[in-house]
Amino acid sequence: MDSFQFFHGYQFGFGLHYIDFNNIHRPRTPKFSAHLYYNIMKDNGFSLPDDEKMLYGEFKKDFIWSSATASYQIEGAWRQGGKGLSIWDKFTHTPGNILQHDTGDIACNSYNKMEDDIAALKKVKVSHYRFSVSWPRILPDGTTEYINQAGLNYYKKLLDSLIAANIQPQVTLYHWDLPQALQDVGGWENETIIERFRDYADILFENLGPKVQLWITFNEPFIIAILGHVQGTHAPGFSDRPDTLPYIVSHNIIKAHAEAWHVYNDKYRASQNGMVSITVNADWAEPRNPYKQEDYDAARSVVEFYLGWYAHPIFNGDYSPLMKRSVLEQSLAGGLTKSRLPEFTPEEIKRINGTYDYFGLNHYCSVLAFPVDFGEIQHFEADRGVVLLRDRTWLESGSHWLTMTPFGLRRLLKFIKHEFGNPPIIITENGVSENGPVDLNDVHRKYFYEKYINQVLKAYLLDDVNVIGYTAWSLLDNLEWAVGYTERFGLFYVNRSDPDLSRTPKASVSFYSSIISCNGFPDPASGTHECWNSTSTPTPTLTPKPEEPINNVNFLGMKLSAKDAETGLNATFALLIIALTGAISLFIGFFLVKKSSKKSKKTENVELDKRS
């Protein structure tokens, strides 16, 4: 227990139990470490938690197995085939926005390499392929004034090629590449975009709908709102109004989604019999301290402001009470008279509620949450009132924000089941990245897929979650938005030094295709299985990022050769010695002056005493 620590008194607590020394009764409260140590003793060591044990079994028949891409990230051909400019064309061509000045001008050149992409999909053995349509490739200025037939023909050819390969398409209407012409008149902040999006959806449903059974209206509206209109790290790059702009943008996106759904429902459902929904993204959040209720509340706030922001109006009607209360309280604290969160009219609530045929979910990782009071600040982050952390024991990836936390996916799926009435769920993105030197033996990705998909199986078999599909992000190494081509999520390596941009399968391709062939995980105790043709997956090291070559080291944030780094270190050390010598000289000089001053003062006082 906490106790008297000699010279330090009661300043440091070494105990398994906290003692309140301000209380005369000295109450003992067990810390988290006490519970942890108790479990270690109980298990006589470290046993594998039930949450991490493998479950063997199969998914439902006709389970959707897919991989995904997005138009701007892979198509290239940015000025080919009558395509108009998108906000990402402008954003990537603005210096300083994208790492290493990368753009999507060529990307994976999928516009001209369709056959190669189809061959890659066949090798993975997916039943479905999720891709997005480029709005400015269909409507160059964003309106129906001119419909680009060459763009429609490209996507019709892609659909025909997929169906011929026995692969069903999942089509996303909007994966962030808004026509620049619409951004010039306000983009998602301008309410007229709701009508523009409805008309765009109508054209796609009419021309492509007979060959498509699964539609997604928007991909990750949270990212559109926050990275594009709060942080400014994504197109269109706004960060000047973090108090209101994300709410206005999201309000219009939700209404635009509803209008697209109604167009399909009213005009095309009877003949095409497809499904339309939206894809939302969310981290799962755990309390930083599992013994504090306020940390549980903070974790709930994270999920509500991520997933619930869009799912509540669409699945339950209106924004969640927690979100409405949080934004209102922070608005009032800042001296405003009403909430900065827009309100839906009763007619809009009725129009939006129920505009889904399934639940589209993108998920990558989990976070730890605890509350913080931002004072009177008017900002999205202050409205959420939470600080996010990551546990140091979680395995890292090639992206600083992505740590491997398989348990979070199952918990998020159960949350959706209980919060939104157990709708059919399609996991529309899930994957992991690497950076640095290329290694086609991507052990960490095999580990990621095994653990995450197994959590999906647990949700399906043990928790009765109505999950009907899983999508691996991504098929190809592609443009990862603001970080360019430095982070690679692909099942296939795209050689960017090869003018042909050749695709090479990584080890994870065989592994994922085995899971697909088996429709789950066969029990190895029951013998060999014809569907399983991959070796077992070892647990990757704590930091699976590839090491830098021995002659290429990090020095003060720069990549330098060992010799250059040594020269820099010597120069820095020399400068440090010079600075330190100068500081010592100044100190000695100051000390001598001070001593002389004191001596003069003392002499002066003595003389005054003598005179007196």
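The values are calculated or read from the model by the stated rules, or taken from the named source; none is laboratory data. Small disclaimer: the values here were computed from a predicted structure and weren't measured. For neighbour counting, all protein chains shown are included, and Cβ atoms are generated from backbone atoms with ideal geometry for every residue, glycine included. Surface areas here come from the heavy atoms of the whole protein model, side chains and all, with no ligands, DNA or RNA. Shrake-Rupley method; radii C 1.70, N 1.55, O 1.52, S 1.80 Å.
This table checks each residue for (1) more than 28 Å from residue 244 (Cα to Cα); (2) open to solvent by 20 Å² or more (accessible area, probe 1.4 Å); (3) in contact with a Phe, Trp or Tyr (Cβ under 7 Å, 6 or more places away or on another chain); (4) without any contact (Cβ under 8 Å) to a residue 12 or more places away in the chain.
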| residue | (1), (2), (3), (4) |
| --- | --- |
| 314 | no, no, yes, no |
| 322 | no, yes, no, no |
| 339 | no, yes, no, no |
| 356 | no, yes, yes, no |
| 359 | no, no, yes, no |
| 379 | no, yes, no, no |
| 383 | no, no, no, no |
| 396 | yes, yes, no, no |
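Applying the condition of being among the β-branched types (Val, Ile, Thr) and assigned to a helix (DSSP H, G or I) to the stretch 177-208 and asking which residue is surrounded by the most Cβ atoms within 10 Å (Cβ to Cβ) yields 193. Count, please, the residues in the stretch 56-100 that happen to be over 22 Å from the mean Cα position of the chain (by Cα) and within 19 Å of residue 453 (Cα to Cα). The qualifying residues number 9. Could you grab me the full set of residues in the stretch 10-39 that are open to solvent by less than 100 Å² (accessible area, probe 1.4 Å) and either assigned by the TED database to the domain that holds residue 289 or of a type in the set (Ser, Thr, Tyr) (or both)? Within the stretch 10-39, 29, 33 qualify. Among the conditions (1) part of a helix (DSSP H, G or I); (2) farther than 17 Å from residue 249 by Cα; (3) of a type outside the set (Lys, Arg), residue 323 misses just one, which is (2). Filter the stretch 447-487 down to residues that are part of a strand (DSSP E or B) and within 22 Å of residue 56 (Cβ to Cβ) and give me whichever is most open to solvent (accessible area, probe 1.4 Å). Step by step, filter the stretch 447-487, then rank; the result is 468.
Among the residues making up the stretch 40-65, a single one is open to solvent by 60 Å² or more (accessible area, probe 1.4 Å) and touching a Gly at 6+ places or on another chain (Cβ under 7 Å): 58. For the stretch 120-171, residues that are open to solvent by 10 Å² or more (accessible area, probe 1.4 Å), within 18 Å of residue 206 (Cβ to Cβ) and part of a loop (DSSP other than H, G, I, E, B) total 5. Do any strands (runs of 3 or more DSSP E) entirely within the stretch 354-416 hold 2 or more residues that are within 20 Å of residue 220 (Cα to Cα), and if so, which? Strands (runs of 3 or more DSSP E) meeting the threshold: 359-362, 366-371. Taken over the stretch 209-227, the criterion of being assigned to a helix (DSSP H, G or I) and open to solvent by 20 Å² or more (accessible area, probe 1.4 Å) is satisfied by 210, 211, 223, 227. Exactly one residue out of 337, 279, 233 is within 25 Å of residue 173 (Cα to Cα) and either out of contact with any strand residue (DSSP E or B) (no Cβ under 8 Å at 6 or more places or on another chain) or assigned to a helix (DSSP H, G or I) (or both), and it is 233.
Condition first: open to solvent by 90 Å² or more (accessible area, probe 1.4 Å) and either of a type outside the set (Gly, Ala, Ser) or under 25 Å from residue 113 (Cβ atoms) (or both). Can you find one or more residues in the stretch 85-94 that meet it? So far as the stretch 85-94 goes, yes, one or more of its residues are open to solvent by 90 Å² or more (accessible area, probe 1.4 Å) and either of a type outside the set (Gly, Ala, Ser) or under 25 Å from residue 113 (Cβ atoms) (or both).
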